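The values are calculated or read from the model by the stated rules, or taken from the named source; none is laboratory data. Small disclaimer: the values here were computed from a predicted structure and weren't measured. Because the Cβ atoms are built from the backbone with ideal geometry, glycine has one as well, and the counts that use them run over all protein chains shown.
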Amino acid sequence: MSKVTAKVFEILYQNLFKPAAFVMDAEFIHDTITRFGEVLENFDFVLSPIFSYKNTKLKKKNLGITFENPIGLAAGFDYDGHLAQVLKHVGFGFNTIGTVTNLPYKGNEKPRLVRLPESKSILVNKGFKSEGANLIAKRLDKKKLKGHTIGISVGSSNVAQIDTINKAIDDYLSTFNVFKNKPYVKYFELNISCPNANMSESFSDKKNFEKLVKAITKLKIKQPIFVKMPNEISFQKSDELVSIAMKKGIYGFIFSNLVKKRDNSTFNKKEIKSVKSFKGNFSGRPCFENSNKLIKHTRAKFGNDIVIVGCGGIFSPQDAMEKLKNGADLVQLITGMIYNGPQLIGQICEKIAAFWVINSIEIWVKISIVAFPNFTQTTFWYLEMIWYNINEVIFMKGAILNGRC
């Protein structure tokens with residue numbers, strides 16, 4: 001992906017596709033894109049040159065998994081795995097399917113998705129809409145997923161018969177058992193914080209959570225597990241959940257899930273008033289601040305013993321960088337892609353790669369200033385800028401020679 005290609009696609013998305021799509025029902029558009037995306041899953045030779053930004057500097061290894069880049073698709077977009085094969089070609093370094101539940105559930109009463117453009121948010125009321133673990137596994141078994149970094153988000157079935165904590169735990173375990181031996185599943189997400197499920201008790205309660213992770217540990221799952229944490233949670237309660245998970249051998253945490261409170265300062269007052277009769281909670285920009293605070297606090301509290309995925313409110317490379325600077329190892333998004341277009345993934349990757357180059361040079365500069373006191377800091381700053389511009393020229397020359405711009 002070149003800067004020119006990304007910019008052209010961004011202009012087309014913002015001025016043609018988005019105005020037309022945003023006057024139609026959000027769930028209809030989502031389902032249409034899902035069907036179309038699955039049709040394109042074998043056209044990687046078309047999609048990758050348009051969307052993917054590849055750079056070896058972006059590769060990361062966390063909890064034994066190699067990520068081609070640190071940008072992932074969060075759970076909540078590809079509910080049933082239809083897009084599992086195509087998402088890598090759009091530029092994602094990893095993508096999560098689900099949330100998947102053991103039993104099928106058609107979803108909460110409509111509307112299940114409502115856009116709030118001024119607030120950069122989407123009201124979500126799916127309630128773990130899922131075709132069920134067995135059907136989804138059969139679909140994924142048929143796809144070409146070698147070389148893809150795929151995760152499964154696991155939740156409790158949102159159906160009437162799952163009405164106690166013990167039943168919900170058994171339900172979680174059933175889904176883990178369906179997928180734990182699948183070679184294409186590289187990681188799991190444990191969704192304990194869906195705000196749209198109907199069961200009265202919650203797994204964000206530390207006693208229930210401890211009971212759940214203890215049961216999961218007995219399954220001897222080889223893949224790492226990332227806990228999807230609540231957004232509106234105190235540092236103390238978050239720390240308690242993280243500590244419990246770590247004691248059971250779980251070291252991955254995603255900050256964070258949707259927001260519930262409708263007095264969030266990010267909301268446009270007129271928009272939030274227009275959805276007052278609708279059930280559901282909110283993605284996107286309203287999640288951003290709390291997510292960042294939790295990331296920063298948790299990194300300071302637990303150091304490098306854990307892996308943190310930053311999720312919530314990423315609409316630009318700068319947003320992604322803020323999460324990384326606060327302590328995230330990886331980031332995930334959905335809403336930013338919906339509002340700004342799928343070229344956003346490649347744009348973020350390109351900026352992160354450039355930042356990491358500059359960051360490495362800055363470290364070299366600081367060491368050099370100490371080692372060579374006769375050189376001024378200004379001299380090294382100029383050398384740094386020259387090096388960065390040379391890299392930009394080399395990148396653009398390569399893009400031109402390869403016909404990518």
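Pairing residues of the stretch 15-40 that are touching a residue at least 40 places away in the same chain (Cβ under 8 Å) and more than 20 Å from residue 109 (Cβ to Cβ) with residues that are surrounded by 11 or more Cβ atoms within 10 Å (Cβ to Cβ) and β-branched (Val, Ile, Thr), at Cβ distances under 7 Å and at least 6 apart in sequence or on separate chains, gives 37/86; 38/86; 40/86. For the stretch 296-315, filtered to residues that are in a strand (DSSP E or B) and among the hydrophobic types (A, V, I, L, M, F, W, C), the residue that is surrounded by the fewest Cβ atoms within 10 Å (Cβ to Cβ) is 307. With respect to residue 6, determine if the residue is under 20 Å from residue 353 (Cα atoms) and among the aliphatic types (A, V, I, L, M). So residue 6 passes the test. Could you grab me the full set of residues in the stretch 52-84 that are buried (at least 23 other Cβ atoms within 10 Å of the Cβ) and not in a loop (DSSP other than H, G, I, E, B)? Selection gives 71, 72, 73.
Using the structure shown, decide if residue 38 is in contact with a His (Cβ under 8 Å, 6 or more places away or on another chain) and more than 25 Å from residue 117 (Cα to Cα). Yes; evaluated as a whole, the condition is true for this residue.
Looking at 292, 268, just one residue is of a type in the set (S, T, N, Q), touching a residue at least 60 places away in the same chain (Cβ under 8 Å) and either crowded, with 19+ Cβ neighbours inside 10 Å or closer than 19 Å to residue 118 by Cα (or both), and that residue is 268.
Working carefully through the options 318, 332, 343, find the one that is among the polar types (S, T, N, Q), farther than 22 Å from residue 227 by Cα and buried (at least 21 other Cβ atoms within 10 Å of the Cβ). Reasoning before the result, please.
Values: 318 fails: buried (at least 21 other Cβ atoms within 10 Å of the Cβ); 332 fails: farther than 22 Å from residue 227 by Cα.
Every option except 343 fails the conditions.
When 255, 282, 302, 278 are checked against the criterion of being at pLDDT 95 or above and in contact with an Asp or Glu (Cβ under 9 Å, 6 or more places away or on another chain), a single residue qualifies: 302. I'd like the full set of residues that are surrounded by 13 or more Cβ atoms within 10 Å (Cβ to Cβ), assigned to a helix (DSSP H, G or I), at pLDDT 95 or above and aromatic (Phe, Trp, Tyr), limited to the stretch 2-50. Correct list: 13, 17. If the condition is being in contact (Cβ under 8 Å) with a residue 40 or more places away in the chain, among the charged types (D, E, K, R) and over 21 Å from residue 76 (Cα atoms), then the stretch 138-169 contributes only 144. Here is a check on your reading of the model: is residue 237 part of a helix (DSSP H, G or I) and either surrounded by fewer than 17 Cβ atoms within 10 Å (Cβ to Cβ) or out of contact with any His (no Cβ under 7 Å at 6 or more places or on another chain) (or both)? It is true that residue 237 is part of a helix (DSSP H, G or I) and either surrounded by fewer than 17 Cβ atoms within 10 Å (Cβ to Cβ) or out of contact with any His (no Cβ under 7 Å at 6 or more places or on another chain) (or both).
Taking (1) more than 28 Å from residue 297 (Cα to Cα); (2) modelled with pLDDT under 95 in turn, residue 175 satisfies each apart from (2).
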